[in-house]
Every structure is written in structure tokens, then in C-alpha cells.
Amino acid sequence: MLIRRTYKYRLRVSKTTAARLDWVLWQCRQLYNAALQERIGAYQMRRVSVNYYDQANQLPSIKEVCPEYKEVGSHVLQDVLRRLDKAFQNFFRRVKQGQTPGFPRYQGRNRYDSFTFPDIAGWKLDGDRLTLSKIGDCRIILHRPLEGSIKTVTIKREGQHWYVCFSCEVEVAVPTVAVQSEVGLDVGLLHWATLSSGEQIANPRYLRKSLAKLKVEQQSLALKRRGSNRRKQQVRRVAELHRRVANQRKDFAHKISRRLVDSYDAVYTEDLRLTNMVKLHNMALSFHDAGFGMFNAFGAYKAASAGKLWLQVNPRYTSQTCSGCGVIQKKELSERWHSCLCGTELDRDHNAAINILRLGTSLRVGQPTAMLTPLGVGGSRCDGVSVTSTWSQRWYPCLQREPASRRHPQSKLAKLRHL
Ligand SMILES: [Zn+2]
């Protein structure tokens, strides 16, 4: 199977090369904004829409008028116009879908931060030495080997640093693994996540630390006078911290997803797009706002290249339902303990993780979700949690059944006693 993989490396650039890269970025941004202006103007004045080819055909004449564009690779310039075209296509597609997207915007100096060599022209890689035509040489910090054949090369600025991203086509042979171990994962507020095995993954302390620091620095930024030198300095400091936080988040997501994929054949997590607002709202206050989507994306591709499974399930009722008997019990967010009449006693998040595991399993084996799923007999389930109650030998109603608010635990108990 051929897959696309992006390898990102830090660049070591001299001052002159950095200035040159900045200059190219500036030219690309100018072109982007001019092309955007042309599209808007053409529509407003003549009601015509301009497409990518109309604009790309103008590049030679632009170079006649503005000779500085001769100093930038022509494929790089074409890629700028293609980006704009993509922005418009995405905009119209989303309008068609009934969403309310933002109109493609003019790019400010701090916003436009990368340019791309869309093919094999204009760059050369020799060991750790990257030569960019009309720009110069720089060294790559090759922290990991590059695999596959390079399709595009993107140079990116992040704060004070420069990076290169190689998009490569990699051939991978993926044997499909028979699922022998599986796990459910519930993201929480107190802990970053709880696994169905009962293990808790704590919020990383370093992230908490830098978030607190970011808050202080941002408050200090708000007090600086606009246009002052000290404000400029502070802006740089805040940007650096943001970069640090983003990297720490990414690092954490990589490490946890790697560990899960290595130790389980199937991992089930929540699809937070389907979650109830209460949970989302509380997550926004914690570490999860940006991190969880990324975590899922990392896990999914890691699982895919290991021949394993990474599934997302609908998290509805997963924290309200009893993992022992399937009865739905309303719980406040502050209630940290799950205790049921059937004798199930465990941590709230652990309970939810077990439910997520069960949902994931039924999704994997392709059972219609409204069906009853048998619970492992013998008091111990695949995740090693022992259930002492006799309920474990009964049938477990799957979670995606409609909320049985009137299904009172007492009456259900009575009914089953009669069986
Ligand atoms: Zn129960």
C-alpha cells in the first residue's frame, strides 16, 4: 500500500539564508494577496470569476513588471496561486454544504508562514544538506531517517525557527493483526484519560506549567503599549511559548498513542464531535481542547501502519450507564464514583472506559448496535475487570439503545429475578 507521510525537520540556517527565506515568504504573501484582490475585484466589477489557470498564465507578465519575482522559483509561485484556488474551492464547497465558512482572507505578515516546492524542481537534498535554488544552502537536523520518495518540499517558519517538511510517498506492507487485546479510553477532567483496564493517564505536569506561564506572559502583553519595543519583545516571547505548548501537546499525543498501539490490537476512543456539550465545555477548560483530535489522528495512522484498529465511538451515555448491568443512572459531573444497585463499584471514568470498550467491540464485530451483547461469563472480562455480581452472566443491553429513563433499576432487577 502506498501512503503519504510527512517528515518535518528543523533547519539550521545562517543569517543571510534566513533573511532570504523571509524575503521569499514576503513575496509569496504579496502575490497571494494580489491574486485574492484580483479575484474579488473581477467579481465585483465584471461579475466574472477568475480561476487558477487565468492567474498562472499571468505570471510571466507579472515578472516583467516586477522583476523581483524572477528571483523566486516559478513552481513556488504557481503553488501560491494553487493555495488561493484551494481556499476558494473549500469556501464554495462549504457554502454548498450549508455551512457558514469565512471568506478567504488577506494574509498578514504573521499569518503567512510557509511556501512549497510542489515537485522535484528547485531543491536538492544531499545527506543533511538542503540546497534551495535562488535561496541558498542550509543544514537539516536529521533526527530520524527520511523514507520513501519525496514529492513536495515545504519550508515553514515558526516563530524564530525554520523547518522543512518533506511529503513522501512510502510503500508499506501492512499485515492485519487478529484482535487479541483491546482497550477503551475515556478522556476526563481530573486525569487526562482512564483506560478500561483501570489505568489512569495523568495530565502532563510540564504542560500545566507552561500553560500557567503562558497565561502570565499574555497578561503582561495586554499591558504593553501598542507599537512599543517592549510589546514587540513580549509578542515574540508569547509566540515562543505558544510554540512550546503546541510541541509539548504534540509530543504527549505521540507518546501515548504509540504506547497504546504497541500494547493493544484495538483501541477505542470517543468521537468528541458527537459528545454532549457539557463534557465539551468542561474539556475546553482543561488540556483537551486542541489535544484530543490530534491524539486520535496520530493513533489512527499509527494503528493503520501497524495493521491494528483505532476506532472512535459515540460517547453518549457512556458515563451514565452502569458497566455491570447496563442501567442508565444520571450522574452529576462532580460525582466521581460509580455505584450501582447491581453491586458494581468503580471510578466514574473507569466505568465509562469499560462502556467505550464494549461499544468499540460491538462496532468492530459489526453487530447492530441496538442488539444485546453478551457479557463474558465467569466474572472476569477481557479487560481483566472482575464483576462479582450475578449480572455479569446476564445479557448486557448495548449503550446505543434509546435512553431508558423509565427503566428503573429496581423494576429491571425484579424482572430478571423472574427469569
Ligand atoms: Zn449496575
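FYI, it's all coordinate maths here, none of it is from the lab. Just so you know, these numbers come straight off a predicted model, no measurement behind them. Virtual Cβ from ideal backbone geometry, glycine too; neighbours counted across all protein chains shown.
Figures for the structure shown
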quantity: Pair residue 262, residue 236: separation of 7 Å Cα→Cβ label points (nm); calculated: 3.9 nm
quantity: Set of lysines near residue 331 by C-alpha distance (under 25 Å), chain-local residues within fewer than 8 positions excluded; calculated: 279, 412, 415
quantity: In nm, spacing of pseudo-spin labels at residue 364 and residue 229 (7 Å Cα→C-beta vector); calculated: 6.2 nm
quantity: Extended-chain gain in nm, criterion 0.36 nm per residue less alpha-carbon gap, residue 301 and residue 330; calculated: 6.9 nm
quantity: Gain on full stretching of the segment that runs from residue 48 to residue 105 - 0.36 nm per residue minus C-alpha separation; calculated: 18.6 nm
quantity: Summed residue charge, Cβ within 14 Å of residue 174's Cβ, Lys/Arg positive, Asp/Glu negative; calculated: +1
quantity: Contact order normalised by residue count of region 2-171, Cα under 8 Å, 6+ apart, percent; calculated: 37 percent
quantity: Neighbourhood charge, 10 Å Cβ-Cβ cut-off, centred on residue 312 and excluding it, Lys, Arg +1 and Asp, Glu -1; calculated: -1
quantity: All aspartates and glutamates inside 18 Å of residue 302 as judged from Cα atoms, apart from same-chain residues fewer than 8 positions distant; calculated: 147, 169, 171, 182, 251, 262, 265, 270, 271
quantity: Separation between Cα centres of region 66-116 and region 19-46, rounded to whole Å; calculated: 8 Å
quantity: Rounded Å value of the spacing that divides the Cα centres of region 185-258 and region 316-368; calculated: 31 Å
quantity: Sorted largest first, extent of region 2-171 alpha carbons per principal axis (Å); calculated: 52, 39, 28
